[in-house]
Amino acid sequence: MDLKILWPGKTRDPALRTLQSEYLDKIARLGKCRVIETREARGVSEKDPGRILDIEAAGLEKHLQGEHLVCLTDRGDMMTSRQFAGFLEKTSLGQPYPITFAVGGFLGLADRLLKRAGTRMSLSKMTFSHELTRIVLLEQIYRALSILKGLHYAK
């Protein structure tokens, strides 16, 4: 299984960066997964959210080919961890491209990316910071791959 995760900018919080690295190391033992940090809309006024979303979407789009795009959004479908594992398994079958996850910045994702998505997924009804969302996604990917490999994973 080949997974790719796109998000704008680097994770700034040192504690979250450490967790991010730990999960990526765990995931690497179970499957192929890479993170691509794209262009962040730095220096653009928060009074111009459309421009911020546009800049960040353009950075994400540069890394899209023909893959199944999963956009994380509060308007997406929620899955249990087992359903997510099944989704990854089913979606990866016969797929020549990686399953690609797009995580937005602090404003989320531009509508044009959401329209392009093969799947819109929500991690919770609660709101998380974009940096914490990255960690929750990585944890769920690790959990799903563990389920698919038949490994024990504490609940």
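The values are calculated or read from the model by the stated rules, or taken from the named source; none is laboratory data. Predicted, not measured: the structure shown is a model, and the values here were computed from it. Note: ideal-geometry Cβ built from the backbone for every residue, glycine included; neighbour counts use all protein chains shown.
Values computed for the structure shown
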| read-out | value |
| --- | --- |
| Residue, nearest to Leu93 (Cα to Cα), within the stretch 17-56, restricted to residues that are of a type in the set (A, V, I, L, M) and in contact with a Leu (Cβ under 7 Å, 6 or more places away or on another chain) | Leu30 |
| Subset of the stretch 1-18 (residues that are buried (at least 17 other Cβ atoms within 10 Å of the Cβ) and of a type outside the set (Val, Ile, Thr)) | Met1, Leu3, Lys4, Leu6, Trp7, Pro8, Gly9 |
| Qualifying positions in the stretch 14-51 - farther than 30 Å from Lys149 by Cα and modelled with pLDDT of 95 or more | Pro14, Thr38 |
| The stretch 111-150, residues that are free of Cβ contacts under 8 Å to residues at least 12 places away in the same chain and within 16 Å of Ile27 (Cα to Cα) | Gly150 |
